[in-house]
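Undergrad: Take a look at this one; I'll ask things after.
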Ligand code: PMP
């Protein structure tokens with residue numbers, strides 16, 4: 001007789017993997033996860049609610065979310081067979097690595113970069129190769145060519161604008177990366193592009209292995225909806241279909257996303273306010289002794305300061321939550337603040353002025 005165990009050990013390679021996620025703390029000023037501070041317009045929720053009665057929820061959803069893909073394609077100026085959606089851009093990235101990653105493939109990442117990339121790589125058993133961005137974190141043609149030559153990756157993830165730096169890569173850098181990695185799926189994660197970066201979505205028909213990933217969580221103000229999408233070649237869509245779970249996008253979500261696309265302009269009009277506040281915050285940070293903000297094209301600002309961890313904790317005591325990156329390689333002494341409402345930003349600046357230095 002073998003003995004009975006009280007628990008089943010997790011996969012050995014996941015033993016030291018902590019569940020990932022920024023703290024969700026109940027504090028008055030939450031500026032740590034890059035959502036948009038302004039909620040979606042009230043007429044949006046009314047429009048969604050008025051359509052709920054027509055949904056036949058006894059039936060499974062449209063597995064291929066055809067209408068949503070058609071509407072996304074129209075919004076992007078492409079065709080539905082080049083578009084695919086999932087539950088947040090994180091799930092898109094997961095599906096891409098399920099399809100193109102795995103133990104005998106290499107994923108190239110740039111440092112610093114988005115912290116979920118290594119986690120998604122790990123759960124899909126995809127080995128990572130990392131390459132440092134230059135000192136000022138600006139991706140250059142030289143950096144991406146060197147990285148691609150050295151590592152011969154099968155997949156590359158590059159966030160543009162980058163998170164947590166907020167810094168953009170120019171279009172020629174993406175082209176150079178695509179050319180220098182001749183086997184690789186080049187995934188450009190444009191989670192923040194609507195805030196001011198440069199998109200390469202128009203290049204998907206020219207660069208055959210380019211995939212652009214976007215989300216409704218940031219500029220579209222619908223982080224609670226969990227919807228992301230990709231645009232690329234039709235074969236990419238065919239391949240992610242192999243790994244997606246059937247009916248992964250529920251019927252209510254498909255309706256809510258289609259309704260949001262119909263009101264696109266109303267959703268995005270807050271961006272000018274975000275840009276103005278970003279300029280104001282960056283300017284104020286520059287006036288504080290020893291505080292160095294990085295220039296940002298996104299809805300957040302990374303800044304370096306002495307005793308960053310102490311400042312993070314002291315701000316939290318005052319009810320202001322930002323993101324602490326000070327322990328991360330290449331980001332020593334760095335904190336990141338999401339652009340909030342004018343009042344929230346004032347509270348952040350006041351708290352930092354009190355605790356910095
Ligand atoms: N990519 C980047 C660069 C991000 O910063 C985030 C969110 N923090 C995501 C992807 C994932 O966003 P979501 O899953 O909400 O679409």
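Undergrad: Taking the range 173-192 as the search range and keeping residues that are more than 15 Å from the ligand (Cβ to nearest atom) and in contact (Cβ under 8 Å) with a residue 60 or more places away in the chain, which one is nearest to residue 273 (Cα to Cα)?
TA: That would be 185.
Undergrad: Of 257, 219, which residue is within 13 Å of the ligand (Cβ to nearest atom), closer than 26 Å to residue 53 by Cβ and buried (at least 17 other Cβ atoms within 10 Å of the Cβ)?
TA: Of 257, 219, the one residue that is within 13 Å of the ligand (Cβ to nearest atom), closer than 26 Å to residue 53 by Cβ and buried (at least 17 other Cβ atoms within 10 Å of the Cβ) is 257.
Undergrad: Across the range 145-172, what is the total count of residues that are touching a strand residue (DSSP E or B) at 6+ places or on another chain (Cβ under 8 Å), in a helix (DSSP H, G or I) and free of Cβ contacts under 8 Å to residues at least 40 places away in the same chain?
TA: Looking only at that region, the number is 3.
Undergrad: I would also like to ask the following. Might you check whether a residue that is within 13 Å of the ligand (Cβ to nearest atom), touching a strand residue (DSSP E or B) at 6+ places or on another chain (Cβ under 8 Å) and part of a loop (DSSP other than H, G, I, E, B) occurs anywhere in the range 193-213?
TA: Taking every residue of the range 193-213 in turn, none turns out to be within 13 Å of the ligand (Cβ to nearest atom), touching a strand residue (DSSP E or B) at 6+ places or on another chain (Cβ under 8 Å) and part of a loop (DSSP other than H, G, I, E, B).
Undergrad: Next up: For the range 10-33, which residues satisfy the criterion of being assigned to a loop (DSSP other than H, G, I, E, B) and touching a helix residue (DSSP H, G or I) at 6+ places or on another chain (Cβ under 8 Å)?
TA: Listed by number, the residues that qualify are 17, 20, 25, 27, 28, 31, 33.
Undergrad: Do any helices (runs of 4 or more DSSP H) entirely within the range 34-144 hold 1 or more residues that are free of Cβ contacts under 8 Å to residues at least 24 places away in the same chain, surrounded by fewer than 16 Cβ atoms within 10 Å (Cβ to Cβ) and away from the ligand (no atom under 16 Å from the Cβ), and if so, which? Outline the logic, then answer.
TA: Values: elements: 42-52, 66-76, 88-100, 116-123.
It comes to 42-52, 66-76.
Since every read-out is calculated from the coordinates, none of them should be taken as a lab result. This is a predicted model, so every value here is computed, not measured. Virtual Cβ from ideal backbone geometry, glycine too; neighbours counted across all protein chains shown.
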